[in-house]
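Asker: Mind looking over this structure? Questions follow.
The values are calculated or read from the model by the stated rules, or taken from the named source; none is laboratory data. Keep in mind the model is a prediction, meaning the values are calculated, not measured. When we count neighbours, we look across all protein chains shown, and the Cβ atoms used for this are built from the backbone with ideal geometry, even at glycine.
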Amino acid sequence: MKPTRSLIAAALGLTAAVAFSVVAEAKTTLNALFMAQAGYSESDVRAMTDAYLKNHPDVSIKLEFVPYEQLHDKITLAAGSGQGYDTVLYDVIWPAEFAENNILADVTSKIDPATKSAVEDGAWTTVYYKDKAYGMPWSVDSKYLFYNKEMLQKAGIANPPKTWDELLVDAKIIKQKGIVEYPIVWSWSQAEAVICDYAILLQAYGGKFLDENGKPAFNKGGGVDALKYMVRTLKEGVTNPHSTEDLEEDVRGVFSSGKAAFALNWTYMYGMANTNPKESQIVGKVGVVAPPGVDGKSPIGTVNGAMGLGIPTSSQNKDAAWDYIKFLASPEIEAKYAASSPPIWKSFYEEAAKQTRPDADLMAAEAASFNALSNRPQVPDYQQFSARLQQAIQQALLGKATPEDALNAAAADLSN
């Protein structure tokens, strides 16, 4: 018996309905890699992502968070496997390596002139290499000098230090008066964190990582003076000895619990230490300034700690990934989470300057720092460069070598 037209129509209708259902349920799944450390917190990123997904029901996003120390290797190993992530967070020190090894996609054509001019000029150095963009800058950041206002007041210190020598004097006064045993805490573990602290002092003392020919220069002049200062603070008992094992989150914990008068850290610590009673015992007592300088050499010390959001070349969802990145880096989203990480947009700082804000000291510290950001070396073999210098700094801090000998050995190794 032949099927009737109505049965055929019904069958075709059912087939069409099933096909439509499959299409409707199909989603683009993005795998995104972020950092579980400084800057935007895991809860921040999850909240941002939830906001994005509310307007994009056709997209699902799998988030992965790793410590900073694992971020680089996660990205490179995924690239080697030919699969993995669609969106990755990466450090300002990696574009050269990632571009040379075809790890990140060139997105220069996706950045329109209006966006280019609206973002802080210095932020673009985070994602550009040889005139090509390998992502979108997501935050502009530097480390700042945080201080406990109450401790300084008890010690009779009217203002935060303007030079590193003044900091040492203030720390000794605080220690001698029994206010806190170790007034200063740093992130001096043998990791990238110690390079950032060293970079701040290197600039302040007038030193350089590399000379004009790209050869190591940190073993001369200001580079040696910077490391001598670090060692001196340990020998004179004003730096917490656990600093040689600490990362940024350890520093936040010590400072927020009221066990240090001074600390170097990124922007994110300000909100968590000064306004969050669940995370801090010193709410309302936190001051912040741009890192000090050295008389006759520099009024300030800084380090460019910006991050970028990029798309691995292996991603099969580059358009969807870029749409997600644009949302995360949009002026509205970055302004909402500005307490965690400074926005990249000029408009944010223009508006902030017109307002009376409770975080005016942080805005002033950012403005001063962003005008004088110093970069770590943009070299394709940065990981090797950094690892060897970390080792040298650690040897000097632990008293296993003099600053001069430690730095000279590292410079010789990196020159070969």
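Asker: Please verify whether the range 143-150 includes one or more residues that are crowded, with 19+ Cβ neighbours inside 10 Å, polar (S, T, N, Q) and assigned by TED's automatic domain parsing to the domain that holds residue 201. So that I can check it myself, show each step before the final result.
Answerer: Within the range 143-150, the subset crowded, with 19+ Cβ neighbours inside 10 Å is 143-148.
Narrowing further to those that are polar (S, T, N, Q): 148.
Then keep just the ones that are assigned by TED's automatic domain parsing to the domain that holds residue 201; that gives 148.
Yes, some residue in the range 143-150 is crowded, with 19+ Cβ neighbours inside 10 Å, polar (S, T, N, Q) and assigned by TED's automatic domain parsing to the domain that holds residue 201.
Asker: Still on this structure: Residue check: is residue 152 under 19 Å from residue 203 (Cβ atoms), among the aliphatic types (A, V, I, L, M) and at pLDDT 90 or above? If you could, list the steps in order and put the result at the bottom.
Answerer: Numbers: under 19 Å from residue 203 (Cβ atoms): no; among the aliphatic types (A, V, I, L, M): yes; at pLDDT 90 or above: yes.
Considered against the rule, which asks whether it is under 19 Å from residue 203 (Cβ atoms), among the aliphatic types (A, V, I, L, M) and at pLDDT 90 or above, residue 152 comes out as no.
Asker: Any idea which of 372, 360, 329, 352 is at pLDDT below 85 and in the same structural domain as residue 31 (by TED's automatic domain parsing)? Show your work before the answer.
Answerer: Details: 372 fails: in the same structural domain as residue 31 (by TED's automatic domain parsing); 360 fails: at pLDDT below 85; 329 fails: at pLDDT below 85.
Sole residue among the options that is at pLDDT below 85 and in the same structural domain as residue 31 (by TED's automatic domain parsing): 352.
Asker: Scan (1) outside any helix (DSSP H, G or I); (2) at pLDDT below 95; (3) surrounded by fewer than 17 Cβ atoms within 10 Å (Cβ to Cβ); (4) hydroxyl-bearing (Ser, Thr, Tyr) for the single condition residue 6 breaks and write down its number.
Answerer: (1)
Asker: Of these, 87, 126, 115, which one is within 23 Å of residue 385 (Cα to Cα), touching a helix residue (DSSP H, G or I) at 6+ places or on another chain (Cβ under 9 Å) and hydroxyl-bearing (Ser, Thr, Tyr)?
Answerer: Values: 87 fails: within 23 Å of residue 385 (Cα to Cα); 115 fails: within 23 Å of residue 385 (Cα to Cα).
Just one listed residue meets the conditions, 126.
Asker: A further question on this structure: Say whether the condition of being over 22 Å from residue 339 (Cα atoms) and under 17 Å from the mean Cα position of the chain (by Cα) is met by at least one residue in the range 135-146.
Answerer: As a first pass, look at the range 135-146 and keep what is over 22 Å from residue 339 (Cα atoms): 135.
Of the ones still in play, those that are also under 17 Å from the mean Cα position of the chain (by Cα) are 135.
There is at least one residue in the range 135-146 that is over 22 Å from residue 339 (Cα atoms) and under 17 Å from the mean Cα position of the chain (by Cα).
Asker: Failed condition for residue 141, given (1) touching a helix residue (DSSP H, G or I) at 6+ places or on another chain (Cβ under 8 Å); (2) in contact (Cβ under 8 Å) with a residue 60 or more places away in the chain, with all others met?
Answerer: (1)
Asker: Of the residues that make up the range 126-133, is at least one within 14 Å of residue 289 (Cα to Cα) and part of a strand (DSSP E or B)?
Answerer: Going residue by residue through the range 126-133, those that are within 14 Å of residue 289 (Cα to Cα) are none.
No, the range 126-133 contains no residue that is within 14 Å of residue 289 (Cα to Cα) and part of a strand (DSSP E or B).
Asker: So, one more: Please go through the range 33-77 and pick out each residue that is in a helix (DSSP H, G or I), under 18 Å from the mean Cα position of the chain (by Cα) and under 21 Å from residue 97 (Cβ atoms).
Answerer: Result: 68, 69, 70, 71, 72, 73, 74, 75.
Asker: Restricting to the range 111-134, name every residue that is among the hydrophobic types (A, V, I, L, M, F, W, C) and under 16 Å from the mean Cα position of the chain (by Cα).
Answerer: Taking the range 111-134 and keeping what is among the hydrophobic types (A, V, I, L, M, F, W, C), we get 111, 114, 118-119, 123-124, 127, 133.
Residues satisfying the conditions are 123, 124, 127.
Asker: Check off (1) surrounded by fewer than 17 Cβ atoms within 10 Å (Cβ to Cβ); (2) touching a residue at least 24 places away in the same chain (Cβ under 8 Å) for residue 344 and give me the number that stays unchecked.
Answerer: (1)
Asker: Residue check: is residue 379 modelled with pLDDT under 90, of a type in the set (A, V, I, L, M) and either buried (at least 17 other Cβ atoms within 10 Å of the Cβ) or touching a strand residue (DSSP E or B) at 6+ places or on another chain (Cβ under 9 Å) (or both)?
Answerer: Values: modelled with pLDDT under 90: yes; of a type in the set (A, V, I, L, M): yes; either buried (at least 17 other Cβ atoms within 10 Å of the Cβ) or touching a strand residue (DSSP E or B) at 6+ places or on another chain (Cβ under 9 Å) (or both): yes.
So residue 379 fits the description; yes.
Asker: When you go through (1) surrounded by 19 or more Cβ atoms within 10 Å (Cβ to Cβ); (2) over 18 Å from the mean Cα position of the chain (by Cα); (3) of a type in the set (Ser, Thr, Tyr); (4) within 30 Å of residue 215 (Cβ to Cβ) one by one for residue 374, which number turns out not to apply?
Answerer: (2)
Asker: Among the residues of the range 184-195, are any within 24 Å of residue 170 (Cβ to Cβ) and over 20 Å from the mean Cα position of the chain (by Cα)? Show your work before the answer.
Answerer: Here is the first cut: in the range 184-195, the ones within 24 Å of residue 170 (Cβ to Cβ) are 184-188, 193-194.
Checking the rest, the ones that are also over 20 Å from the mean Cα position of the chain (by Cα) come to 184.
Yes, some residue in the range 184-195 is within 24 Å of residue 170 (Cβ to Cβ) and over 20 Å from the mean Cα position of the chain (by Cα).
Asker: If the requirement is being surrounded by 20 or more Cβ atoms within 10 Å (Cβ to Cβ) and either under 23 Å from the mean Cα position of the chain (by Cα) or of a type in the set (A, V, I, L, M) (or both), which of these qualifies: 392, 360, 335, 367?
Answerer: Values: 360 fails: surrounded by 20 or more Cβ atoms within 10 Å (Cβ to Cβ); 335 fails: surrounded by 20 or more Cβ atoms within 10 Å (Cβ to Cβ); 367 fails: surrounded by 20 or more Cβ atoms within 10 Å (Cβ to Cβ).
Of the residues listed, the single one that is surrounded by 20 or more Cβ atoms within 10 Å (Cβ to Cβ) and either under 23 Å from the mean Cα position of the chain (by Cα) or of a type in the set (A, V, I, L, M) (or both) is 392.
Asker: Looking only at residues in the range 210-237 that are crowded, with 21+ Cβ neighbours inside 10 Å and not in a helix (DSSP H, G or I), which one is farthest from the chain's Cα centre (by Cα)?
Answerer: Restricting to residues being crowded, with 21+ Cβ neighbours inside 10 Å and not in a helix (DSSP H, G or I), the top hit is 219.
Asker: Hey, among 167, 145, 202, which residue is modelled with pLDDT of 95 or more, within 22 Å of residue 372 (Cα to Cα) and outside any helix (DSSP H, G or I)?
Answerer: Details: 167 fails: outside any helix (DSSP H, G or I); 202 fails: outside any helix (DSSP H, G or I).
The unique qualifying residue is 145.
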